[in-house]
Amino acid sequence: MPDPTQFTEAAMKDAAQTLFHKGPKNRAAAVLNWDSGDFFENPARGRQLRVLAAIMDLKLTDDLRERLGDTYAPSVNVDQSETFKGIGVLSATIDLEPEKLKIFYAEIQKIAAEMAAGKIDDDEFTRATKPILEGLPKSEEDNKYWLRVADSAQFRPETLGWHRTRQSDYQSVTLPQIKALAKQVFGSAKGLRVEVRPEGT
């Protein structure tokens, strides 16, 4: 099993890795990762990161649909470890034609630089936070959520506290906090780029 610390060490470097598949020649995938740190050291920051990711997702979707059309669906997510200290990434991913990978990289790097410079407005903040806040009570109507809470509490009792602060953490997120976090995450790193291309391209 690989050492999980390798992922954070790699994500903190401006690096690129290319893999190849034997499938259709017109399909490729790209992932761009930035180091986000783990969740359990600062759950409130982890929730701010999810708002940051939602804003980037909105921006990237709007930009790429303008450049490429409605058929492309990029995704920006946060995956933070609740076990290993310091391990976590904010990732932007997409599936598209190999010749359009450059467009994706150009757009995501432009957006990251703009967000690091504080270019996030009130409308984007509201569009990102509203679905998250509306989804919290709905998630608590699902037994799967409570099973995850109960399961985690068996070996990490503090996760019960994470559940109790979930709603207040999201409700207290502010636009200035998100701008500061964007500068921290995107300001000095281009991230780890991983792409999967057809063999022979």
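The values are calculated or read from the model by the stated rules, or taken from the named source; none is laboratory data. The structure presented is a predicted model; accordingly, all values stated were derived computationally and were not measured. Note that each Cβ is placed from the backbone with ideal geometry, even for glycine, and that neighbours are counted across all protein chains shown. Just the protein is used for accessible areas: all its heavy atoms, side chains included, with ligands, DNA and RNA removed. Shrake-Rupley method; radii C 1.70, N 1.55, O 1.52, S 1.80 Å.
What is the Å³ per residue value for the convex hull set by the Cα atoms of the chain? Can you show the working numbers first?
On the way: hull volume 29.0 nm³, N = 201.
Per-residue hull volume (Cα only) is 144 Å³.
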* Using a Gaussian network model of the chain whose springs link C-alpha atoms within less than 10 Å, name the residue from Thr71, Thr129, Thr93 with the highest mean-square fluctuation. => Thr71
* Asked: Which whole-number percent gives the relative contact order of region 82-201, counting Cα pairs below 8 Å spaced six or more residues apart?
  -> 44 percent
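Would you compute, from DSSP H runs of 4+ residues alone, the mean residue ellipticity of the chain at 222 nm, taking -39500 (n - 2.57) per run and dividing by the full residue count, rounded to the nearest 500? Each step should come with its number before you reach the end.
Values: 7 runs with 105 residues, N = 201.
It lands at -17000 deg cm²/dmol.
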* **the chain: most fluctuating residue of Glu41, Glu141, Glu124 per GNM, C-alpha cutoff 10 Å** => Glu141
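Tell me, what is the per residue accessible area of the chain in Å², probe radius 1.4 Å? Walk me through the intermediate numbers first.
Working: 11200 Å² over 201 residues.
Result: 56 Å² of accessible area for each residue.
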* Roughly to the nearest percent, how much of the accessible area of the chain is carbon and sulfur, given a 1.4 Å probe? -> 52 percent
* Structure fact -> Sorting Ala112, Leu147, Ser168 by the position of each Cα along the dipole of the chain (Lys, Arg +1; Asp, Glu -1; all at Cβ), the one nearest the positive end of that ordering is Ala112
* Mind jotting down a quarter of the surface of the convex hull over the alpha carbons of region 53-101, in square nanometres, one decimal? => 4.2 nm²
